[in-house]
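Please read the structure below before turning to the comments.
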Amino acid sequence: MKILMASIFAMAAGVVAAAAPVKERAYAFRERLEIVHESGRRDFSLKPASGEFAVTDGVVVSVPKDADEVLVHAGKDFCDYLDVSMGVSARFTRGGKGAIEVVLGDLPVRSSRIETTEGGVKILAADSRAAAQALYHLEDVMNLRCAPFLRIGSYTRRSRFSPRMSHSGWGCDVFPDAHLAQMAHAGMDAIVVFVRGVDRTKGNSNYQDVNDIIRRAKKYGLDTYLYSCVVAFALKLI
């Protein structure tokens, strides 16, 4: 009995130790917020099952020739994901044919249709932002599969509401490009910036180029909302 109790207490101590928070240096969390694509997510022991399309080296990711900067950036981002996370070399093209092809068409707002066949993947999207979210969705599917394999079939996706906005998690009113990309991958379509004037934000007492934030956020399909940081006075009634 004593041996059993000692074992139980030892196991409990181990659980508590494992659950204890790990001390890290200040602001180390920012490094994680700047990782858009995690490396080494593929399990190379896995093989495509029957009814799956395998993305292999040399795959071409194609977008329309007249694609805007949001869609061009999303297409190149997807190639980077395949390389970094799945170990697959991919090539980006505008206006050409590809095994992974994005086209824009007549669909309800914020929606996309993903069609996967034995020969590749076709994404039909309402606009460039919906197309970008469809590509981010493919990343999620591959991450869960731990391999660049996609089930053959078709389905439609649609963002339930807009705007879906967020403040910066990196620092108050500070938006590095990598963090903006991470927000877009999480499904956000807008950011919020506190402002105290045309060139002042709550999180930065010095000059802040708000136009630069707006311009860089737009590249990731993110709108920018300016939230007026005003001082409220409480009136004491006599």
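The values are calculated or read from the model by the stated rules, or taken from the named source; none is laboratory data. Quick caveat: nothing in here was measured; it's all calculated off a predicted structure. No Cβ is skipped: glycine too gets one built from the backbone with ideal geometry, and neighbour counts run over all protein chains shown.
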### Query
Is it the case that residue 71 is more than 20 Å from residue 143 (Cβ to Cβ), at pLDDT 95 or above and touching a helix residue (DSSP H, G or I) at 6+ places or on another chain (Cβ under 6 Å)?
yes
### Task
All but one of (1) out of contact with any Cys (no Cβ under 6 Å at 6 or more places or on another chain); (2) at pLDDT 95 or above; (3) over 15 Å from residue 139 (Cβ atoms) hold for residue 82, so report the exception by its number.
(3)
### Query
Within the set of pairs 6+ apart or on separate chains, which have a first residue in the stretch 88-117 that is closer than 17 Å to residue 55 by Cβ, a second that is among the acidic types (Asp, Glu), and C-beta atoms under 9 Å apart?
88/57; 89/57; 89/83; 90/57; 90/80; 90/83; 116/52
### Task
Could you grab the pairs with beta carbons closer than 6 Å, sequence gap of 6+ or different chains, first residue in the stretch 39-56 and within 14 Å of residue 82 (Cα to Cα), second one at pLDDT 95 or above and assigned to a strand (DSSP E or B)?
54/149
### Summary
Scanning the stretch 26-82 for residues that are among the small types (Gly, Ala, Ser) and under 17 Å from residue 146 (Cα atoms), the one surrounded by the most Cβ atoms within 10 Å (Cβ to Cβ) turns out to be 54
### Task
Might you let me know whether the stretch 66-82 holds any residue that is more than 23 Å from residue 217 (Cβ to Cβ) and more than 20 Å from the chain's Cα centre (by Cα)?
no
### Query
When the stretch 176-229 is examined, which residues are found to be surrounded by 20 or more Cβ atoms within 10 Å (Cβ to Cβ), part of a strand (DSSP E or B) and not hydrophobic (A, V, I, L, M, F, W, C)?
201
